[in-house]
Amino acid sequence: MTVGAPPEESYYAAHQKVYPREVRGVFTRLRITAAWVLLGLFYGLPWLRWEGRQAILFDLPARQFHLFGLTLWPQDFVFLAWLLVIAALSLFFFTAVAGRLWCGYACPQTVWTEVFLWMERVTEGDRSRRMKLDAAPWSIAKLGRKALKQILWIGFALWTGFTFVGFFTPITDLASRLFAFSASSWETFWVLFYGFATYGNAGFLREQVCKYMCPYARFQSAMFDRDTLIITYDAARGEPRGGRRKGVDPASNGLGSCTDCTLCVQVCPTGIDIRQGLQYECIACAACIDACDSVMDHMGYPRGLIRYDTQHRLEHRSTRILRPRVLVYGMLLAVLIGGFVVALALRKPVGLDVLHDRNTLYRNLPSGEIENVYLLKIMNKDSRPHEFRVSLEPEEAATDGEGSNRHRLDPEEPKFLVPAGEVFNAAVRVRRRAWNDAADTDHEDSGADAETGLGAADEIHFVITAADDPGLTARAESRFFAPRD
Amino acid sequence: MDDRNTTEIGLTGRRTLTVLWCAFLAASVATMLFFAFVDPSPVVALLRPTTAIPDPTMMYSLGFLFFFSVCALASGLTAWLLTP
Ligand code: SF4
Ligand code: SF4
């Protein structure tokens, strides 16, 4: 065949008239596997039980976050923030190594869009069928297909919303309430809200989210360099492109390997032509690699005209995966993850907050003593109950002769049994003799306000210790108020 | 993957959705930070005798919607003023 052969004689120009089939290949399989795993996790995890309760639950009313055996509290917020930093840094790391892996394989936008596309394919057929269907006048069959698609879409979207809410409120209860139509209006609202968002993003907007709305799509290029693995078309090998018969050696008619079949363009979910170079719309789904490889196989050419490669290698320069940027991201990531694990392991499963009684600063007792009342919030973050003993930390200026504390608890050693994973509110009284009575003058009156006569304040420290595990302690500071004398 | 037939949204649609989406992101962060430090249950307990507040879920929802509307207002105004 000569260069100037009429296009209809060439194999792929003819093939082009047939509507393209679905892509198949290594990367498509990988992508579908990833999608199954992620969807399975999302829809399955809320149903998983662990030690008698939902394994993963952001229990908002109780303000606890259950993660299998671990219970995190608002006080552990730093762990959540830490996790987010780790997630962001991993994104940087993977982007620097291999471009937009996230987009192609893990982004919920991609995953859910694939599901919605699949439902569309099932109900309305492939692209050509759908175009015909859309052009056709309304008929029972058309109505049926469209309605079926919408039912599938809406049902799936609602199920997604339901599952999402199920991460925040026990999902079995939620399910029974929803099916009995007795869910609270807010639960219903959130199910609908997330269902609607799913439908809008995956059914309606699709790749426009990536093109117009995604922050990651805009800044990911900052993490790229010429050693990043990206999806590339090897122009040196492919050009000049042109149709030819199967098995023709491209060199024999002055052509490159690209048969100009445009399959890579037809399979692209964002509708770009990868042969024009890397474009920001490309979500690195690798569909074009699979499409092109199938053509190369068919033609008997080596695969990889479109492939994962680095700019440097395409320019026939040396390329390194391990370069300073990757090493720095990788090291930071390792440190953060290591630190996270260590911090989590060392985390004390007990917490203490002390609130001074809001209504009365102090009381003068008939005995001549002054009394303050405190509310202790004892948090048992452990997975078993503990009895906690409350005490006051020994004071430095314990100067009332016997070497004991100036302040004392009443009763002397209150004990509270706190069930696993609960906060216990305990009121405790602290007393001390009045200043004139105590006959010592070295008290600090840091919090005192002479003008209002509010009085002096001493710092005191509460300590709680588990009766069955002396290592399990927490400490909190508060103030003891007394009249100014 | 060959079967796209997405309806293109117009420029106005694009703007609106981008504004809402950015507001959603910012509001989520704000809600998380806020409620990590503020426990709404005392407020619920305070209101419970007088109003029909069933649970703290309502406080969290209202908190989120509040942040969402403020953020949407800010990003909406920004988008609008930056329109040439
Ligand atoms: S561009 Fe954004 S929305 Fe699209 S797949 Fe990538 S991360 Fe997801
Ligand atoms: S060019 Fe299109 S098909 Fe190829 S990887 Fe990018 S988004 Fe996917």
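Dividing the helix sum by the residues of chain A, where each DSSP H run of 4 or more adds -39500 (n - 2.57), gives a mean residue ellipticity at 222 nm of -11500 deg cm²/dmol.
Take A:Leu72: with every protein chain present and a 1.4 Å probe, its accessible area is about 20 Å². Legend: mean number of C-beta atoms from other chains within 10 angstrom of residue C-beta atoms, peptide A:203-214, equals 4. Within chain A, A:Cys103, A:Cys107, A:Cys210, A:Cys214, A:Cys258, A:Cys261, A:Cys268, A:Cys282, A:Cys285, A:Cys292 have no other Cys Cβ under 4.7 Å of their Cβ and so lack a disulfide-compatible partner by this rule.
When only the Cβ of Lys, Arg, Asp and Glu is charged (+1, +1, -1, -1), the dipole of segment A:89-163 relative to its Cα centre reaches about 300 debye.
Cα to Cα, under 21 Å, and not fewer than 8 places away if on the same chain: which lysines meet these conditions relative to A:Lys381? Qualifying lysines at Cα under 21 Å: A:Lys348, A:Lys415. Heavy-atom accessible surface of B:Val29, to the nearest 10 Å², is about 80 Å², with a 1.4 Å probe and all protein chains retained.
With a 1.4 Å probe and all protein chains kept in place, how do A:Phe196, A:Phe156, B:Phe66 rank by accessible area, largest first?
On the way: A:Phe196 155, A:Phe156 40, B:Phe66 125 Å².
I get A:Phe196, B:Phe66, A:Phe156, largest accessible area first.
Taking only the Cα atoms of segment A:170-324, the ratio Rg/Rh comes out at 1.19, with Rh defined as the Kirkwood radius. Relative to its residue count, chain A spans a Cα convex hull of 225 Å³ per residue. When every Cα-Cα distance of segment A:302-412 is counted in 10 angstrom steps from zero, the calculated P(r) takes the values 9, 19, 19, 13, 10, 10, 8, 8, 4, 1 percent. Sorting A:269-278, B:72-81 by their mean Cβ neighbour count within 10 Å, with the most densely packed peptide first, gives A:269-278, B:72-81.
Summed over both chains, the accessible area lost when B and A associate is about 3400 Å², using a 1.4 Å probe.
Per-residue extension of 0.36 nm, minus the Cα-Cα distance of A:Ser176 and A:Val122, leaves a gain of 16.4 nm for this segment. In sequence order, segment B:20-37 has phi-based couplings of 5, 5, 5, 4, 4, 4, 5, 5, 4, 4, 4, 4, 4, 4, 4, 7, 5, 10 Hz under the Karplus curve 6.51 cos²θ - 1.76 cosθ + 1.60, θ = phi - 60°, and Gly or Pro positions carry x. With the simple spin-label model, which puts each label point 7 Å out from Cα in the Cβ direction, the A:Ala81 to B:Leu82 separation comes to 2.7 nm. Each of A:Arg307, A:Arg347, A:Arg29 has its accessible area taken with a 1.4 Å probe; listed largest first, they run A:Arg29, A:Arg307, A:Arg347. In chain A, the longest principal axis of the Cα atoms and the axis of helix A:185-198 are about 30 degrees apart.
Pop out the carbon and sulfur fraction of the accessible area of segment A:296-378 as a percent, whole number, probe 1.4 Å.
Of all accessible area on segment A:296-378, carbon and sulfur atoms account for 63 percent.
Taking the longest Cα principal axis of chain A as reference, the axis of helix A:140-166 is set at about 30 degrees.
At a probe radius of 1.4 angstrom, the accessible area of the protein assembly as shown per residue rounds to 52 square angstrom. For A:Ile230, A:Ile154, the ranking by accessible surface with the largest value first comes to A:Ile154, A:Ile230, using a 1.4 Å probe.
The values are calculated or read from the model by the stated rules, or taken from the named source; none is laboratory data. Quick caveat, the model's predicted, so the values are computed rather than measured. Cβ atoms come from the backbone with ideal geometry, glycine included; neighbour counts cover every protein chain shown. When the accessible area is computed, the model is the full protein with side chains, heavy atoms only, and any ligands, DNA or RNA have been set aside. Shrake-Rupley method; radii C 1.70, N 1.55, O 1.52, S 1.80 Å.
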